[in-house]
Amino acid sequence: MRNGRLWAGLLGVEKTTVGRVEFDEDRALLVAHVRPARGERRRCGLCRRRCPGYDQGQGRRRWRALDLGVVVAVLEADAPRVRCAEHGVVVAAVPWARHGAGHTRFFDDQVAWLAVACSKTAVTELMRIAWRTVGAIVTRVAEDAMAGMNRFAGVRRIGIDEISYKKGHRYLTVVVDHDSRRLIWAAAGRDTHTLGRFFDLLGAQGCAAITHVSADAADWIADVVAQRCPNAVRCADAFHVVAWATEALDEVRRQAWNDARALARTEPRRGRGRPRADAAPRPGHDRARRLKNARYALWKNPENLTDRQADKLAWIAKTDPRLHRAYLLKEGLRYVFAVKGHAGREALDRWLSWAARCRIPAFVALGRKIRKHRVTIDATLEHGLSNALIESTNTKIRLLQRMAFGFASADALIALAMLALGGFRPPLPGRA
Ligand SMILES: [Zn+2]
């Protein structure tokens, strides 16, 4: 094997001629001098069309490559500029790196792969780069991957959701494909203009092919969907409808807690430390404390309760029938979406008349809200669009957001989400 080909294989470069290789022992740095293979020279960095040369640009440049063993490796090459008929004067394309990148393709791909799989520290330590650089890399890898394929091909049934990030100050609008179960689009913002951009990308034909759209009940989403996809059946996201019930339940719990605290204020104060055995009982204090901790017992699905939480629920059933009724109403609504179909619609009828008579304002109001959205809720029960997909996308993006904290922009969070949930994660370099 010729040395040049061996080096090309080790460095993971294609269509590239490797010339002299130097090793700087003091800095443990390997420098490989390379140039694009014949046929790869003088191409526009943006569109890769062949162009006339323009000048030598900024002279020689370096690109960080994957480490070779324990040694940091870089490629060094000329970076001439060309004059593209469409893009004007641009730095010429190089086969070993994405346009404008300071790292090789393989380096980028490995960072993107790791960012989805590992902790922040693992990625930055292993690859010896800053977290912001990871953000820039995942952004360009995702853009490159998405440009290379039509992610909207064959899309029929979509789900639209708004997900808060940065502690609820900012929002992403996301679109999932119910059939491939993938994230297909995300953008910062939550308004008609933002969502309009998705339908622009989808195009008139793509919009006409959409048969079902699930979304939360936000009017702005309903308006855009009605306008852009007039043929689509609109379905309410069960995930959000159940979340309304959880919010109503929490309102009832807070009332009960406030009542207990009001009672507690009439009770005698106690000093620090363990109370004396003959101390007067303080039922208000005890109730307030137990209700405060009851939040998760009320929120969780009964099948996931710990023993302690199940005990707490039993205590609520015994001591606060109204709060317990609110809990049963929440669970009843969850049941509607669990059984789905005709049985689900019947269960919803029963639930609505129960809610109307329950004498708990939060649930009376919820009943009215659900009646208002009955058509889209019935569509969900009939067409069985999974709420698990929206729910899990929501949860996973929140997790990614924790990782993406420290990236400069929402673009990097979106890119990370597309890599992790959109199926755009590149394979590890050198693997099929
Ligand atoms: Zn061009």
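A short reminder: the numbers here are calculations on the coordinates, not readings from a lab. As the structure is a prediction and not an experimental result, all values here were calculated from the model. So basically every Cβ, Gly included, is an ideal-geometry build from the backbone, and we count neighbours across all protein chains shown.
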Sort T121, T192 so that the residue with the fewest other Cβ atoms within 10 Å of its own Cβ comes first and the one with the most comes last.
T121, T192
So for the chain, taking the charge dipole from beta-carbon charges (+1 Lys/Arg, -1 Asp/Glu), which of P281, A314, V111 sits furthest toward the positive end?
P281
Electrostatic dipole magnitude of the stretch 221-297 [Cβ: Lys, Arg +1; Asp, Glu -1; Cα centre; debye, to 20]:
780 debye
So what is the orientation-averaged projected area of the stretch 151-300, using the convex hull of its C-alpha atoms, in nm²?
12.5 nm²
Mind sorting M146, M403 by how few other Cβ atoms lie within 10 Å of their own Cβ, fewest first?
M146, M403
Per q in 0.23, 0.25 1/Å, what log10 I(q)/I(0) does a Debye calculation on the alpha-carbon atoms of the stretch 178-228 return?
-1.03, -1.22
Arrange F152, F363 by Cβ neighbour counts within 10 Å, fewest through most, would you?
F152, F363
C-alpha center-to-center spacing [the stretch 382-418, the stretch 46-97] in angstrom
34 Å
Descending principal axes extents, the chain, alpha-carbon based, whole Å:
87, 63, 35
Picking from I129, I184, P95, whose Cα lies most toward the positive end of the charge dipole for the stretch 69-196 (charges on Cβ: Lys, Arg +1; Asp, Glu -1)?
I184
From the square roots a ≥ b ≥ c of the eigenvalues of the alpha-carbon gyration tensor of the stretch 276-432, which class results: rounded (a/c under 1.5), prolate (a/b over b/c), or oblate?
oblate
Shape category assigned to the stretch 22-86 from the gyration tensor of Cα positions, a/c cut at 1.5:
prolate
Magnitude of the Cβ-charge dipole of the stretch 279-379, K/R +1 and D/E -1, about the Cα centre, nearest 20 debye?
460 debye
Can you give the relative contact order of the stretch 281-432 as a percent, counting alpha carbon pairs under 8 Å and 6+ residues apart?
12 percent
Within the chain, what is the longest stretch that has no trypsin sites (Lys or Arg not before Pro) placed in a DSSP loop and near at most 11 other beta-carbon atoms within 10 Å?
168-268
Relative contact order (percent, whole number), the chain, Cα cutoff 8 Å, 6+ residue spacing:
15 percent
Nearest 10 degrees is fine. How inclined is helix 387-404 to the longest principal axis of the chain, computing both from alpha carbons?
60 degrees
Nearest-ten-degree value, helix 105-117 long axis tilted from longest Cα axis of the chain
10 degrees
About the Cα centre, charge dipole magnitude for the chain (Lys/Arg +1, Asp/Glu -1 at Cβ), debye
1020 debye
Which values of log₁₀ I(q)/I(0), to two decimal places, follow from the Debye formula for the stretch 60-153 at q = 0.12 Å⁻¹ with a uniform point scatterer at every Cα?
-0.45
Gyration tensor verdict on the stretch 1-143 (Cα atoms; rounded if a/c is under 1.5, prolate if a/b is larger than b/c, oblate otherwise)
oblate
Pairwise FRET efficiency - N304 versus D259, Cβ, R0 = 35 Å, nearest 0.05
0.80
Would you mind checking the tilt of helix 374-383 against the longest principal axis of the Cα atoms of the chain, expressed as 0 to 90 degrees and rounded to 10?
60 degrees
Just going by the charge dipole of the chain, with Lys and Arg at +1 and Asp and Glu at -1 on Cβ, which of L263, C47, F239 is farthest out on the positive end?
L263
For the chain, what does the helix formula give at 222 nm: sum of -39500 (n - 2.57) over DSSP H segments with n ≥ 4, over the residue count, nearest 500 deg cm²/dmol?
-16500 deg cm²/dmol
